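> Just passing along the structure, written as structure tokens.
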Amino acid sequence: AWYVPCLASLETLQELCRKENLRCKSIGITNRSLKSYEVEYLCDYKVEEGTEYYLVKWKGWPESSNTWEPQKNLKCPLLLQNFLSDKNEYLSRVREGKALKVRNHIKALKPAVADYIVKKAKQRIALQRWKEELNRKKNHKAMILVENTVDLEGPPLDFYYINEYKPAPGINVINGITTGCECADCPAEKCCPKEAGFILAYNKQKKLKIQPGLPIYECNSFCRCGPDCPNRIVQKGTPYSLCIFRTNNGRGWGVKTLQKIKTNSFVMEYVGEVITSEEAERRGQLYDNQGNTYLFDLDYDSDEFTVDAARYGNVSHFVNHSCDPNLQVFNVFIDNLDLRLPRIALFSTRTIKAGEELTFDYQMKGSIDLTSDSADGLSSSRKRIRTVCKCGAVCCRGYLN
């Protein structure tokens, strides 16, 4: 299904809910907020006759209900701290001298400062809600955090979190597999990889031991082995807490790990809509003009299908390109053995420190031969317009495509 963002503002929705005495937790209208007042954020500051006042936005109430309250009545130290921090951040950026000016014995913030503080407060609330939404929808235990200390950009308006492929009509990403291995000890017996003619992809420490280009065959839902089987890695989802953060060099959002990741460890899957190559060509023309790069060709065996993570995806949607990446692409087969429709997994190529950004090469394929002619993991439709690369690597090629 296609979704359309609500065109009504939060304030309009709050007013409608209050008028009809309706509760809606997602926009802050609860039993508590209907009957009491809770500070949502602070909008402005002034001093009158020696008393400090803050303009308060009440949670669940429209901005038209904002009131000036003396500081002594406010029991919200964190919100006061955020207010002062946002004020100082703005002043440091624009290099203004004083935050206050005097008119008729009234000290007040400059309108531009107050405007920035309100926008920052709204952004903070929006990012918190987005973080909560992402963590509700994810199917793995690790946490997803969101951070923006760079600009006023909020959550993407047209992005929907999914945990697995979303096939377009007519495409079947589950091929009806009905058999699995009978192993009691998967690594030691003729397990799923051997049945497919390949070696087991993982060692005893559950780390990758195969070379790029070789497929990964994991045990499936019909296998005798249990959830602790060492050949069930990708299907369990990312084991690391990750943070979607705003980059400071014009690359938009990025993803960093909050935990140390050892070499050859599974990090995340690349998921999105599975579409035909013909549809990918059509969408690619639109994405070219926007400078977007979300099409990933499923070309392990053929070029029939493409994954489009532009509107539907998981954390991998926000992973940036690097010409010297720390993640490598591998093709994975679990409950679907159709060679045209592998799952795309990203594994670490080296030890990654906590706080380090995660990247992969947008031209990288799950192939041993990464020549300039064949290395086009992201759809070839992107080659019409060359996008400048901002990865900053010493070996940077200069362009994403």
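> If I ignore ligands, DNA and RNA and count only protein heavy atoms, how much of E357 is accessible to a 1.4 Å probe, in Å² to the nearest 10?
E357 exposes around 40 Å² with every protein chain in place.
> Taking a probe of 1.4 angstrom, what is the accessible area of F245 in Å², to the nearest 10?
30
> For the chain, what does the accessible surface come to per residue with a 1.4 Å probe? Please give it in Å².
Accessible area per residue, the chain: 52 Å².
> Another question about this same structure. Report, in deg cm²/dmol and to the nearest 500, the calculated mean residue ellipticity at 222 nm for the chain, where each DSSP H run with n ≥ 4 adds -39500 (n - 2.57) and the sum is divided by the residue count.
-6000 deg cm²/dmol
> Only one of the listed values, (i) 22.6; (ii) 27.6; (iii) 24.2, was derived from the coordinates as Kirkwood radius over Cα pairs in Å; which label is it?
Correct label, based on the coordinates given: (iii).
> Assuming 0.36 nm per residue, please report the length gained on full extension of the stretch N163 to A126 beyond their Cα-Cα distance. Working shown, then result.
Values: separation 37, 0.36 × 37 = 13.32 nm, distance 2.20 nm.
Extra length available between N163 and A126 comes to 11.1 nm.
> Which of these, S316, S64, S265, has the largest mean-square fluctuation under a Gaussian network model of the chain (Cα springs below 10 Å)?
S64
> Which whole-number percent is the relative contact order of the chain (Cα, under 8 Å, 6+ apart)? Don't jump to the answer; show the numbers that get you there.
Values: 767 pairs, mean separation 52.2, N = 401.
Relative CO of the chain lands at 13 percent.
> Same structure again: Top to bottom by accessible area (1.4 Å), largest first, where do K353, K46, K166, K236 land?
Greatest to least solvent exposure: K353, K236, K166, K46.
> Roll a 1.4 angstrom probe over the protein heavy atoms and tell me the percent of accessible area of the chain that is carbon or sulfur.
Ligands and nucleic acids excluded, carbon and sulfur give 51 percent.
> Here's another thing I want to ask about it. For the chain, take the longest principal axis of its alpha carbons; what is the angle in degrees between that and the long axis of helix 277-290, to the nearest 10 within 0 to 90?
Long axis of 277-290 versus the principal axis of the chain: about 30 degrees.
> Among the lysines, which have Cα under 25 Å from the Cα of K46 when same-chain residues fewer than 8 positions away are ignored?
Reachable lysines: K57, K59, K72, K75, K87, K98, K101, K107, K110, K119, K120, K122.
The values are calculated or read from the model by the stated rules, or taken from the named source; none is laboratory data. All values reported here derive from a predicted model rather than from experimental measurement. Areas reflect the complete protein model, heavy atoms only, side chains present, ligands, DNA and RNA absent. Shrake-Rupley method; radii C 1.70, N 1.55, O 1.52, S 1.80 Å.
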